[in-house]
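Where a number appears in this text, it was derived from the coordinates with a stated rule and is not lab data. Bear in mind that the values here come from a model prediction, so they are computed numbers and not experimental data. No Cβ is skipped: glycine too gets one built from the backbone with ideal geometry, and neighbour counts run over all protein chains shown.
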Amino acid sequence: MGSMEFEEIKKIIKDILMQNSYGNKMPADFAFNAPLFLHGIIDSFGIFPFINQLQARFNIDIKDKEIYPRNFETIESVATLIYNKKREKR
């Protein structure tokens, strides 16, 4: 992966999670590889607004079949999904 772009995507995702509430408030020191659902950062009501925000921010289309827990487990896994979607568009 182009690590600079990947690192940037992770930071943007973290900012989105810090600025919005999709469940519990995310602490500033929340690790990129910490489980989002387990810590309640994203809950079942928050997942779709979060996905809408990601689609708008990164100009991508996340398909229903891509919305499963492993893709949204951590900030890293969300960043991987977005990074790959952006590469598909090139």
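The angle separating the long axis of helix 47-58 from the principal Cα axis of greatest extent in the chain is about 40 degrees. Computed from Cα positions, the angle between helix 75-89 and the longest principal axis of the chain comes to roughly 20 degrees.
From the cross-link list 14/89; 25/86; 25/85; 65/85; 10/85; 11/89, which pairs have alpha carbons spaced over 18 Å apart?
Working: 14/89 23 Å; 25/86 28 Å; 25/85 27 Å; 65/85 13 Å; 10/85 14 Å; 11/89 21 Å.
Exceeds cut-off: 14/89; 25/86; 25/85; 11/89.
With respect to the chain, whose longest principal axis is taken over its alpha-carbon atoms, helix 3-19 is tilted by about 30°. Peptides 41-49, 59-67 ordered by packing proxy, namely the average of other Cβ atoms within 10 Å per residue, highest first: 41-49, 59-67.
Based on DSSP H segments of at least four residues, each scored -39500 (n - 2.57), the chain has a per-residue ellipticity at 222 nm of -16000 deg cm²/dmol. Using the Cβ-Cβ distance between residue 8 and residue 90 with R0 = 22 Å, the FRET efficiency computed as 1/(1 + (r/R0)^6) comes to roughly 0.85.
Count Lys and Arg as plus one, Asp and Glu as minus one, and take only other residues whose Cβ is under 13 Å from that of residue 8; the net charge is then +2.
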